[in-house]
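Participant: Right, I'll just put the structure down here and ask away after.
The values are calculated or read from the model by the stated rules, or taken from the named source; none is laboratory data. Note that the structure is predicted; figures quoted are calculated from it, not measured. What goes into the accessible areas is simple: the full protein's heavy atoms, side chains included, and nothing from ligands, DNA or RNA. Shrake-Rupley method; radii C 1.70, N 1.55, O 1.52, S 1.80 Å.
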Amino acid sequence: MTERTLMHITPLPADYTPERARALLLPFLLQCINWSHSSPELDASVIEADDQLAAYVDGWGRDGDIAVIAWDEDHQPVGAAWCRLLSDPPGYGWVADDIPEVSIAVAPDAQGKGAGRQLLHTLCRLAAVSGHPALSLSVSDGNMSKHLYTQLGFSDIGRSGDSDVMLKVL
């Protein structure tokens with residue numbers, strides 16, 4: 001049986017400044033980038049140098065931005081899922097200007113305990129209530145998270161480089 005860790009999921013606190021939100025989300029964006037253990041690990045300088053990557057976390061608090069955080073029993077963040085409208089520059093899973101793109105990561109010690117499923121489920125519900133018609137994401141070939149995305153209703157709609165672009169209609 002998989003060990004469960006006590007955690008709770010909350011929206012990103014409303015009092016977080018764009019800088020504080022970026023600081024919270026940046027380590028999880030790095031996990032998104034460094035998902036493969038067979039590739040060299042990249043650091044935050046890669047995000048700083050790439051406008052397309054930086055767009056996932058910079059200037060948080062724009063219309064359409066939604067984030068949920070998984071907190072452990074010590075009130076430390078162990079996962080995050082967020083979506084935002086990315087059109088200039090478009091994100092890796094860009095589908096349309098009115099469809100937010102999802103990013104999600106869970107700390108290695110918290111993986112396999114249901115946090116990713118809870119985060120993504122909660123994010124989808126909040127996005128639907130917020131009036132978004134759908135959510136998109138990009139998942140690289142070989143990333144085992146694709147199974148979770150499919151279980152939660154995301155479907156392949158195209159390719160971008162070595163990744164599938166997936167869409168979930170809300």
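Participant: Leaving out ligands, DNA and RNA, and with a 1.4 Å probe, what % of the accessible surface on the range 1-139 is carbon or sulfur?
Facilitator: 53
Participant: Counting only heavy atoms of protein chains, what accessible area per residue, in Å², does the chain have with a probe of 1.4 Å?
Facilitator: 53
Participant: Quick check: from the Cα gyration tensor, does the range 21-74 come out rounded (a/c under 1.5), prolate or oblate?
Facilitator: Taking the square roots of the gyration eigenvalues as a ≥ b ≥ c, the range 21-74 is oblate.
Participant: How large is log10 I(q)/I(0) at q = 0.23, 0.25 Å⁻¹ when the Debye formula is applied to the Cα atoms of the range 40-124, each weighted equally and without solvent?
Facilitator: -1.18, -1.24
Participant: Between [x] 1.03; [y] 0.93; [z] 0.96, which entry matches Rg/Rh (Cα atoms, Kirkwood Rh) as derived from the coordinates of this structure?
Facilitator: The calculated read-out lines up with [y].
Participant: Name the most mobile residue of ALA67, ALA55, ALA105, meaning the one with the largest mean-square fluctuation, in a Gaussian network model of the chain with Cα contacts below 10 Å.
Facilitator: ALA55
Participant: Turning to a different aspect of this structure: Where the centroid of each part is defined by its Cα atoms, how far is the range 46-61 from the range 75-127 in Å?
Facilitator: 15
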